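Reviewing the structure listed below.
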Amino acid sequence: MHRQRHHEHHRLDRIGWLRAAVLGANDGILSTASLLVGVASAATGVGNVMLAGIAGLAAGAMSMAAGEYVSVRSQADSEHAERTLESRELAEDPVGEHRELTEIYVSRGLDRTLARTVADQLMAHDALGAHLRDELGLSEATAARPLQAAAASAASFAAGAVLPIAAAALAPRSAMTAAVVVVSLFALAGLGATSARLAGAGVLRGTLRIVFWGAAAMALTAAVGSLFGVSR
């Protein structure tokens, strides 16, 4: 009888871009919607509201990209430094590094003879890769990718920001605030559900969390606009 092969679907390769994309889209929706609601609540004209939204989109996308790049670039630099150090240690003391790898496998439950054999074979195949993975927890799937993270963050911020701006542009002035709030909350709910599903987490909890904080942020900004006549 033919046995169907079991395929496991892991999500570690999505960590970098998924994190950046979710943060970017969330911030794009939330910060732009809050800005629009605050400006609209200050009883300003439609033109001022739209100008604020477009300016917020441009500034926010660039800010997210720059911040994400700097953050992930620092992580990449740290990973590179660890790789260089480990490579030097392997060249200077291969016996000691073999012993260290063996002890790691013993601590994970292998008997010493088997651990030594595993260390022998892995170091013969790819000594640096084995130490980076098993000693430092570094792998290709989780490696820092600054440009990818920056691009994902900026693009997702802009995509998220377009939604409340479109709602503000299409709604009559009297219903602008309500339209922005409703569209943004639905967008946040969809984002929360999608990101939770992609990450393998609980969909309901992720959705409720992002909607709650989104509603709180917009309510606070609307109050500021109404009370003081300023956007934020």
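Computed values, structure above
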{"read-out": "Length released on extending from SER87 to ILE54, taking residue separation times 0.36 nm less the Cα-Cα span", "value": "7.0 nm"}
{"read-out": "Dipole of the range 118-193, positive end: most advanced residue of HIS131, ILE165, PHE186 [Cβ charges, Cα centre]", "value": "ILE165"}
{"read-out": "In Å², nearest 10: area of SER156 left accessible to a 1.4 Å probe", "value": "20"}
{"read-out": "Sequence of GLU86, GLU103, GLU92 from largest to smallest accessible area, 1.4 Å probe", "value": "GLU92, GLU103, GLU86"}
{"read-out": "FRET efficiency estimate (nearest 0.05) - Cβ-Cβ, LEU147 to LEU220, R0 22 angstrom", "value": "0.05"}
{"read-out": "Heavy-atom accessible area ranking, 1.4 Å probe, most first, across HIS125, HIS80", "value": "HIS125, HIS80"}
{"read-out": "Protection-proxy order for peptides 166-173, 178-185, each taking the mean of Cβ atoms within 10 Å per residue, highest first", "value": "178-185, 166-173"}
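The values are calculated or read from the model by the stated rules, or taken from the named source; none is laboratory data. Predicted model, so just to flag it, every value in this text is computed and none were measured. When we count neighbours, we look across all protein chains shown, and the Cβ atoms used for this are built from the backbone with ideal geometry, even at glycine. For accessibility, only protein heavy atoms count, side chains too; no ligands or nucleic acids. Shrake-Rupley method; radii C 1.70, N 1.55, O 1.52, S 1.80 Å.
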